[in-house]
Every structure is written in structure tokens, then in C-alpha cells.
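Q: I am attaching a structure below and will ask some questions about it afterwards.
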Amino acid sequence: MAQHQVNYASSAGLPIALTSVDKLVNWGRSNSLWPLTYGLACCAIEMMASGASRYDFDRMGTIFRASPRQADVMILAGTLSKKHSEFARRLYDQMTEPKWVISMGSCANTGGMFNTYATVQGVDRIIPVDIYLPGCAPRPETLQYAMMMLQTKIRRESADMKKNTKQDLTMQTGRRVRLV
Amino acid sequence: MRKYVPKDSVQKKSYYTDRFWVAPRVPRLAVEDEHFVAVVEAVGEDSKESYVEVGQLVIHIEATDNIKVIKKLKEECGYTQCSEQSAVDYLARDGEFELFYQLLNVTEAKRVRVVCRIKDGEPIESITPLYKSANFAERELFDMFGIKVNNHPFLKRILMPDDWEGHPLLKTYPLEGDEFASWYEVDKIFGKEYRDIIGPENRDPAHIDREDSKRFSRVGYEVPFGAEVAEAQSEQEIAYSKIFLTNYNSKKSKVLDERR
């Protein structure tokens with residue numbers, strides 16, 4: 001028998017839900033993912049299409065933000081050249097934690113068809129990546145699916161960012177470090 | 001079989017060469033067009049050679065005369081636009097760069113290419129006083145070939161980063177980059193000490209690992225995801241094409257020091 005009776009119908013007018021802080025925080029985080037408006041190449045066209053009315057990212061709580069300070073997802077959409085890599089990393093560093101990264105398309109994943117001196121051979125050389133999105137370019141549905149996968153991933157994570165291994169190092173790349 | 005000699009230049013590195021093959025070339029016609037004849041006359045003795053190729057006049061000049069000749073073309077012959085300017089690396093063949101200026105006459109709808117040659121390390125005079133468009137073209141020339149342009153208002157790299165080493169359009173520059181290029185972003189962002197942590201670039205995306213059943217499907221001989229391929233092989237042996245291929249080079253070939 002509960003010692004204190006809770007009157008669900010009359011206490012502040014709303015029923016009470018019991019959950020863990022992790023789940024509550026992650027529910028909030030995963031349902032308002034704000035990506036950075038950051039297109040690198042042709043994948044950005046698909047990214048823009050995902051944001052526009054036909055595919056409508058907004059219904060998933062995903063709104064593109066123009067400032068890294070307000071964003072928590074970085075979608076690296078396109079070829080990252082070596083000249084630009086410094087600035088991509090700087091934008092990543094400027095984002096506040098918690099932050100996640102989606103590598104969109106073949107070029108961002110591995111350098112793709114640009115097997116040359118001027119292209120970064122996979123953005124995970126400089127930025128830790130959460131989701132690799134195949135395709136050249138991936139269709140908006142693929143990006144939506146990636147966003148949904150990222151939500152699932154966030155819901156599995158701990159709300160305490162110190163426990164998420166990705167965040168506790170100043171520098172880390174996806175290729176060498178395995179997420180526990 | 002001739003002895004293999006390692007070659008440092010890509011131009012010399014063709015795997016197979018037919019000695020009797022002659023590259024088909026666009027015919028070089030004599031200058032007969034009324035306008036072009038006038039242009040060649042205006043250039044006068046500075047023109048070493050002139051001919052018409054695909055409807056365009058080509059004039060070979062000395063590199064030191066470039067500003068003089070192009071000024072004449074602009075002011076006397078009406079070539080008011082410099083649409084393109086670059087170079088070709090013939091260092092391996094001739095020890096020289098071939099520079100070209102592509103000029104356009106809008107009223108006559110005619111094009112002229114002014115070609116000159118400079119040795120490696122020699123500077124060229126800037127034509128930015130004549131054409132504003134030459135500013136970026138000459139910066140690109142410097143960026144890609146390392147050709148110095150005298151009296152240029154702002155000669156610095158245009159495409160590659162300012163702290164880049166090497167000039168990528170030289171034939172001796174590897175397509176996948178030298179050591180500096182392959183570590184550029186790591187050195188710049190994290191510092192050289194992170195090279196070991198991040199590791200070298202993986203530049204073989206076409207690499208196929210037969211034993212890896214997680215990333216590669218073995219069409220016709222499928223195994224479950226993640227299964228040890230070596231174990232599965234004992235049950236299903238793959239018939240490779242060795243039955244169909246005959247090794248015609250089984251005899252050891254002789255290596256000659258000289259040509260016979």
C-alpha cells in the first residue's frame with residue numbers, strides 16, 4: 001500500500017509519469033535535433049530538400065540553425081577539401097555539447113571518387129562521426145532515416161555526457177576509437 | 001625483354017609505348033584569313049611562328065615580348081578580352097613550360113592564342129595592366145606551376161591553402177598527393193603528434209578482402225554475416241578461372257642489358 005495517495009485526476013490536473021532522468025533528457029534531446037546549416041557540395045542540395053516542405057524535417061523537430069552555437073547536429077554534406085577541413089573542425093568545436101555528426105554521402109565518408117591530393121579521405125579523420133550515410137548523393141529519405149537512427153542512438157545514450165566516451169576526449173576520430 | 005629502369009616523371013612512365021604511333025594532330029593551316037593576316041602583320045617580327053588551328057590564330061613569341069605583343073593585340077587589333085591563361089608542363093620533354101594567353105575579339109568574333117615558352121625557374125611579366133582578368137589567372141599559374149609573375153599586384157596562391165607545399169599541376173606531382181598533402185589536415189588541426197593516433201589515409205576504396213564476410217558479399221558462395229570465411233571454404237570450394245586460363249608466359253623471359 002502506498003503511504004501517500006496520489007490523486008491522478010486532481011493533482012495539478014495531470015497524471016504523473018514515472019521515468020528516469022536519462023530517458024527524460026534524451027526524449028528532449030532526440031526530439032529537437034537542430035542541425036547546422038552547413039552544405040559542402042551537391043549533397044547539400046538533398047539536405048536542403050529534406051528541410052523544405054516536401055520532405056519536411058520540421059515535423060521531426062529538426063530545424064536548421066545558422067549558428068554553430070545553437071546547433072547540436074553537424075551534417076557534413078559533401079566533399080570536404082583539405083583547405084576547408086580546418087574550418088569544418090572549427091565549426092564543430094564551436095558547437096555546444098551535446099553534439100552529434102552525420103557524415104552524408106560517399107565523399108564525406110571516404111573521399112568518394114575524389115581520390116586526389118586536395119580532398120580529405122573521410123571526414124572521420126578530423127571529426128568524430130556518429131552516422132555514416134551512404135549514397136551519391138543520398139536521397140532526402142535517407143537523410144530522414146539517418147536522423148531517425150540518430151534519435152534512436154541518442155535515446156540509448158546516457159544523459160550524463162561524461163559517460164559517453166565520444167565526448168571526453170579533446171580530439172578523437174571515429175576510425176580509431178570504438179564507441180563502447 | 002628490356003631491363004626495367006625506374007622513372008621519376010609521370011610523363012616518362014607510360015606502361016606501353018608504340019614507337020611507330022604518331023599522335024593525330026589538328027592540321028595547322030597557313031594564315032589566309034583577312035583579319036588574321038592583319039594581326040600577324042601588326043605583331044610583326046615578334047612573331048616567331050604563326051598558323052591557324054581550328055579557326056584560331058596561334059602566334060608563338062619570345063616570353064620576354066609578351067606584354068609588348070599582347071598590348072599590340074589589345075590596342076591595335078581589338079582583342080579586348082583575355083579569356084584564359086595558363087601553362088603546360090613540358091619539363092620532362094623539353095625542360096620548359098609552355099605558357100599561353102587566349103585572347104578574344106568580340107567585334108570580329110575571332111580568337112588568338114599567344115604562346116611562349118619559359119625555362120623552369122624563369123619569371124614571366126604580368127599582363128594585369130592590360131587585362132584585369134589576368135590577375136586571378138596569373139595567381140592560379142603561380143599556384144599550380146610555381147611560375148613567378150613579375151609586377152603582379154598580389155601574387156599569392158589562389159586555390160590551394162597559403163601554407164601548401166608543392167605545385168599540383170606539375171607532372172611530377174603525384175595525383176594522390178605527396179607526404180605533406182596526405183597529412184595536411186591532421187598537421188594543421190591537431191599537430192604532428194596526432195599522426196600516429198589518426199593513422200595514414202585509406203586510399204584504396206576498391207580494396208576487396210575475400211575473408212571479410214561483414215563488408216563483402218561473396219556472390220554465389222554466400223556465407224552468413226560475420227561468419228568465418230575460411231571455415232566455410234572447406235565445404236564449398238570456389239572454382240576459380242584457373243581452369244580456363246593458360247599461362248603462356250611460363251618460360252622465364254631473358255633480361256637484356258642492351259637492345260638487340
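What follows draws every value from the coordinates through simple rules; no lab data is involved. Nothing here was measured: the structure is a model prediction, and the numbers come from that model. Glycine gets a Cβ as well: all are built from the backbone with ideal geometry, and neighbour counts include every protein chain shown.
Q: Per-residue Cβ counts within 10 Å, from other chains only, averaged over B:158-170: what number is that?
A: Counting other chains' Cβ atoms within 10 Å and averaging over B:158-170 gives 2.
Q: Along the principal axes of its C-alpha atoms, what lengths does region A:4-126 span, in descending order and rounded to whole Å?
A: 70, 31, 22
Q: For peptide A:113-119, what's the mean number of Cβ atoms from other chains within 10 Å of each residue's Cβ?
A: On the way: counts 1, 0, 8, 7, 14, 8, 4.
Mean shielding by partner chains, rounded to a whole number: 6.
Q: Kindly provide the pair-distance distribution of region B:103-212 built from C-alpha pairs, with 5 Å bins from 0 and whole-percent values in order of increasing distance.
A: All Cα pairs considered, the percentages come to 2, 9, 14, 15, 14, 12, 10, 8, 6, 4, 3, 2, 1, 0.
Q: Order the peptides B:194-202, B:180-188 from the highest to the lowest mean number of other Cβ atoms within 10 Å of their residues.
A: Final packing ranking: B:180-188, B:194-202.
Q: HN-Hα J couplings of region B:123-132 from phi, Karplus 6.51/-1.76/1.60, θ = phi - 60°, integer Hz, Gly and Pro as x?
A: Running phi through 6.51 cos²θ - 1.76 cosθ + 1.60 with θ = phi - 60° gives x, 10, 7, 6, 9, 4, x, 8, 10, 5 Hz.
Q: What net charge do the residues around B:Gly177 carry, taking every other residue with its C-beta under 10 Å from that of B:Gly177, with Lys and Arg at +1 and Asp and Glu at -1?
A: Surrounding charge for B:Gly177 is -2.
Q: Would you kindly derive the ³J(HN,Hα) couplings of region A:70-86 from the backbone phi angles with the Karplus curve 6.51 cos²θ - 1.76 cosθ + 1.60 (θ = phi - 60°), listing them in order in whole Hz, with x for Gly and Pro?
A: Whole-Hz 3J(HN,Hα) from phi for region A:70-86: 9, 9, 10, 10, 10, 9, 8, 9, x, 6, 9, 7, 5, 5, 8, 4, 4.
Q: With 10 angstrom as the radius, rank A:Leu18, A:Leu143, A:Leu40 by how many other C-beta atoms surround their C-beta, starting from the fewest.
A: Numbers: A:Leu18 4, A:Leu143 29, A:Leu40 21.
So the ranking, lowest neighbour count to highest, is A:Leu18, A:Leu40, A:Leu143.
Q: When a footprinting reagent is the concern and you count Cβ atoms within 10 Å, what order do A:Thr62, A:Thr19, A:Thr116 take, fewest first?
A: Details: A:Thr62 22, A:Thr19 8, A:Thr116 17.
By the 10 Å Cβ count, ascending, the order reads A:Thr19, A:Thr116, A:Thr62.
Q: So, one more: Tell me which residues come under 5 Å, amide H to amide H, from A:Ala71 once H is placed; ignore anything under 5 positions away on its chain.
A: A:Thr96
Q: Just rank B:Lys72, B:Lys132, fewest to most, by other beta-carbon atoms within 10 angstrom.
A: Fewest-to-most ranking of B:Lys72, B:Lys132: B:Lys132, B:Lys72.
Q: With N residues in region B:63-161, what two-decimal value do you get for its Cα radius of gyration over 2.2 N^0.38 Å?
A: Expressed relative to 2.2 N^0.38 Å, the Cα Rg reads 1.05.
Q: Could you list which residues have their amide H under 5 Å from that of A:Val101, counting only those 5 or more apart in sequence or on another chain, with H placed in the peptide plane?
A: Counting only residues 5 or more places away or on other chains, the set is A:Met74, A:Asp130, A:Ile131.
Q: Going by amide H atoms built from the backbone, whose H comes under 5 Å of the H on B:Val149, apart from near neighbours?
A: Placed amide hydrogens put B:Ile124 under 5 Å from B:Val149.
Q: Continuing with this model, one more query. Hey, what does the equivalent ellipsoid look like for region A:71-128, semi-axes from the Cα gyration tensor as sqrt of 5 times each eigenvalue, largest first, whole Å?
A: Computed over region A:71-128, the values are 20, 12, 7 Å.
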